[in-house]
Amino acid sequence: MKIALDAARRDLGIARKEIIIMEADYVNVVPKRKFDQLEENYTVTLAAKNEFEKNYKSLSSEHAILRDTYKQVLAERNEAVTQNESLSRVGTPRPNWDEVATAMNDTSYIDAVF
């Protein structure tokens, strides 16, 4: 029995040394289940990132088009306002046609003009 106990103690010491060596070697190893979860999460996140990039490019181009259109409309509006101000200053007022008709029917006015 004593020989068996000594052999068991020796085997236990060897097993402990092997366990310590394995723990030291595999301390930085990620378990497969956690690795698979992380890999799946990465794949989903990467797909979402690609979709966001595609949407961003589309929205950026639409924004540039809208900004250019806004600049054109603003220039046209400024030109229309300038023309309106110019015509308001230069334009002649319209006569009151009722007064003109009465004046034309007045015989003294007709005699004075002709």
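The values are calculated or read from the model by the stated rules, or taken from the named source; none is laboratory data. Just so we're clear, the structure is a prediction, and the values are computed from it rather than from any experiment. Here the Cβ positions follow ideal geometry from the backbone for every residue, glycine too, while neighbour counts run over all protein chains shown.
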Within region 22-38, the residues that are at pLDDT 90 or above and surrounded by 10 or more Cβ atoms within 10 Å (Cβ to Cβ) are PHE35, ASP36, GLN37, LEU38
Do we have any residue at all in region 87-96 that's part of a helix (DSSP H, G or I) and surrounded by 10 or more Cβ atoms within 10 Å (Cβ to Cβ)? no
ALA103 vs (1) touching a helix residue (DSSP H, G or I) at 6+ places or on another chain (Cβ under 7 Å); (2) outside any helix (DSSP H, G or I): all pass except (2)
Taking the condition more than 38 Å from the chain's Cα centre (by Cα) and free of Cβ contacts under 8 Å to residues at least 24 places away in the same chain, does ILE65 pass? no
